[in-house]
Amino acid sequence: MADSFEPSDYQEQYRDRIKFVREEGLAKFQSRFERTELDLRRMICEMALGLEVEEIKIVERASA
């Protein structure tokens, strides 16, 4: 699917990134996004839900 996609801009950059993912492996590429997702989830728990650090840990363990 990624190979058939043709970006309207930054075609060379897109192809370089696809090549990087193939060479390095998808897990290495995704780890940055996983960390960001975890940080955002904690921020939401703290700010929007008003949870304390210990309560956040309970929520994280429950969803694992």
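Spin-label model, Tyr10/Ala62: points 7 Å from Cα along the beta carbon direction are separated by 3.8 nm. Going from the residue with the fewest nearby Cβ atoms within 10 Å to the one with the most, Arg15, Arg42 rank Arg15, Arg42.
By the count of neighbouring beta-carbon atoms within 10 Å, fewest first, Leu51, Leu40 end up ordered Leu40, Leu51. Once the Cα atoms are used to define both axes, helix 53-63 deviates from the longest principal axis of the chain by about 60 degrees. In terms of surrounding Cβ atoms within a 10 Å radius of their Cβ, Met1, Met43 rank from fewest to most as Met1, Met43.
For Kirkwood radius over Cα pairs in Å, the value computed from the atomic coordinates appears in the list (1) 12.4; (2) 11.5; (3) 14.5 under label (3).
Over all other residues within a Cβ to Cβ distance under 15 Å of Ala62, the charged ones net out to +1, with Lys and Arg as +1 and Asp and Glu as -1.
Coordinate-derived values only; no laboratory data. The model shown is predicted, which means the values in this text are computed figures rather than measured ones. Don't worry about glycine lacking a Cβ; one is built from the backbone with ideal geometry, like all the others, and counts go over all protein chains shown.
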